[in-house]
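J.: Sharing a structure below in structure tokens format, with a few things to ask.
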Amino acid sequence: MIRRFFVLALLLVATAADAQVTLTRGTNFTVDIAADGRLAFDLLGTIWIIPPGGGVAQPINGGPVASRRPRWSHDASALVFQARENGQEKLWYYDVEKRTARKLTVGQFFDHHPAWHPDSSRIVYSSDRHETGFDLWEYDLATGLTWRISSQPGDETEPVWSANGEDLLYIHRQDDVWSLVLRRRGQPERILESAEVPLSSPSWRPDGSLVTFQRHTEDGIVTEMAILSDPLLIRPLIEAEDLFVAPVSWQDRQVMIYTASGMIRKREFNSWTPSKIPFRASYLAQSTPRPKPPRARQLPMANEPGGRLVVRAARLFDGIGGGYRHGMDIVMEGGRIVAVEPQADRPDAIVVDMGDLTAIPGLIDSHTRMPQVIDASLGPVLLSFGLTTLVADMEDVAALNNTWSGKDMPGPRILGTDWMLDFDTVSTMNLSVDSLPTSPRGIRYEDAQLADSDAPATVLSGLADSRTPGLPELLRSRQAGFLKGFPTALRRSSEAPKLASQSSSIVLGSAANGLPPGIGLHAELRALAGAGLDEEHVLRTAGINAAKALGLGLSVGRIAPGASADIVLVDGDPLNDVGDLLNVVGIVRNGRFFSTIGLLERAQGAQSVE
């Protein structure tokens, strides 16, 4: 089954079917000018070309969805750009005369930031193909051969050749220090500028007298120039604009083209005032219906216990919001919660007092990649991660659900193939309105505003990669030792995307990150926190947000009367640090209590028998 999961990248806005939409502004797009004055830019995941001076934009033919960062060859005969495919960026080539596109790079690598050599015969780019961070590579168009031209600790990205093809400029990042590096032919590399804030978007002035780059500050982005004199001079060039993260494109030594404030702008080098290059990009939204509310569904229940169980802990996060509740008893009968009340003597129930621990709702992974062959002993391992409900592309899960809902070999609830979130009918983008990429100043321009609706699109996460904070700790955890033969996380971005702290429509899904179930869940939780989502909203992605997207309403993702009796007990303060979610001490699954130690002992015993 082929499903489209384009992670945190704007593809097409959700709008009425068969409606023509014309945009004259965009958010966070890039532009490049050809030798003949035509401009190429990216908008709505498509590469567009407009004539010199602006006008009606024409989309290129054959380009994949989620294309961006176009760059003209020096003879204006072709474009190179990058596009996301299965969570990885690849390089693409577009022949302008033939109007055909083809993919240049293949494999499980992240290839991005393409730029042309002045002879238009080869392309320099950044790639992680040797798993040593991003290095600089070149691609020969005639032969398809590639070779590495840098290998330093850290990341080397955004390479660009000088107009004479002799000197290379790029960004190097190591240990949260960004450097603008110049490599002149036959000379040692020279660091032009270093900073503890991001530097990006280098570009050469055609005469080679200076280079421009962007400095990211708390107040926004500033374009600066490094004048290659002796001594070197660093000076601001473009300020007080809502600049997008994109290099300046030089029409000639005096005229700069760049994107800011939703527009393509043109500015003379010695001028303080830019002018606008207008464009009109129109498309027919034939397959982009507004997101529909998910249909209500019944949670499948199996093998429910009898009797009454009470769990109490020092703190309780009910999954809804408002911080912790203290001094509460969670009262369960069968497989459901019947009351959440102040602590009291309960002679008619089994009381499990967890002391100073924190209770949270069972965690939901809305898109999990499961192994083809599943042994029942996997269930206790997944439960030990706090994973109580998962959605996977699996058929015939009834028997396994019955086993995992019992007391002998418990595991998470599996929602199979017919529960998979269908983004082909829900939305053609994986971004909700309140987590769309805004400009550096927090502004949504026309392309982002058009996505606004009463029912914002569901966002499946999939942010985690090999650089997710805390991933080594996850891989060393006791639970991880029971998961063998799974692939490791790939590098999927050069910088973690930034999210609004209270983005409300993100749903956690771990399949895209390539990690084993359980580990992938916690990697996503940490990646979302690292991207700026606050801890409460991180927990919601694996709680009430997932329940809503799956049509399960009040039955999972919360600790409240009527909800399923799935509860995770952790040692720590997850509303302050999502890393504490790994410290699972106990689980209530389907109304039965299990200690983490006991779960792992069950799994170990079953694996030993095998």
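The values are calculated or read from the model by the stated rules, or taken from the named source; none is laboratory data. Owing to the predicted nature of the structure, the values given are computational and were not obtained by experimental measurement. Cβ coordinates were reconstructed from backbone atoms using ideal geometry, including for glycine residues, and neighbour counts include every protein chain displayed. Accessible surface is based on the protein model in full, side chains and every heavy atom, while ligands, DNA and RNA are left aside. Shrake-Rupley method; radii C 1.70, N 1.55, O 1.52, S 1.80 Å.
J.: Looking at Tyr125, Tyr93, which one is modelled with pLDDT of 95 or more, open to solvent by 30 Å² or more (accessible area, probe 1.4 Å) and in a strand (DSSP E or B)?
T.: Step by step, each of Tyr125, Tyr93 is checked, and only Tyr93 is modelled with pLDDT of 95 or more, open to solvent by 30 Å² or more (accessible area, probe 1.4 Å) and in a strand (DSSP E or B).
J.: Let me ask something else. Conditions first: (1) open to solvent by 50 Å² or more (accessible area, probe 1.4 Å); (2) within 29 Å of Met420 (Cα to Cα). Gly362 passes all but one, so which condition is the exception?
T.: (1)
J.: Restricting the search to region 336-387, which residues are hydrophobic (A, V, I, L, M, F, W, C), more than 30 Å from His537 (Cβ to Cβ) and in a loop (DSSP other than H, G, I, E, B)?
T.: Ala344, Ala349, Val373, Ile374, Ala376
J.: Follow-up question, since we're still on this one. Just checking, how many residues over region 21-42 are open to solvent by 50 Å² or more (accessible area, probe 1.4 Å) and within 17 Å of Leu243 (Cβ to Cβ)?
T.: Counting residues in region 21-42 that are open to solvent by 50 Å² or more (accessible area, probe 1.4 Å) and within 17 Å of Leu243 (Cβ to Cβ) gives 2.
J.: In addition: Filter region 561-570 down to the residues that are open to solvent by less than 20 Å² (accessible area, probe 1.4 Å) and among the small types (Gly, Ala, Ser), then identify the one that is nearest to Arg308 (Cα to Cα).
T.: Ala565
J.: How many residues are open to solvent by 40 Å² or more (accessible area, probe 1.4 Å), in contact (Cβ under 8 Å) with a residue 40 or more places away in the chain, part of a loop (DSSP other than H, G, I, E, B) and not aliphatic (A, V, I, L, M) when one looks only at region 239-280?
T.: Of the residues in that region, 4 qualify.
J.: Does region 455-463 contain any residue that is surrounded by fewer than 19 Cβ atoms within 10 Å (Cβ to Cβ), modelled with pLDDT of 70 or more and of a type outside the set (A, V, I, L, M)?
T.: Within region 455-463, none of the residues are surrounded by fewer than 19 Cβ atoms within 10 Å (Cβ to Cβ), modelled with pLDDT of 70 or more and of a type outside the set (A, V, I, L, M).
J.: Select from region 47-77 the residues that are buried (at least 21 other Cβ atoms within 10 Å of the Cβ) and outside any loop (DSSP other than H, G, I, E, B) and list them in ascending order.
T.: Residues satisfying the conditions are Ile47, Trp48, Ile50, Ser67, Arg68, Arg69, Pro70, Arg71, Trp72.
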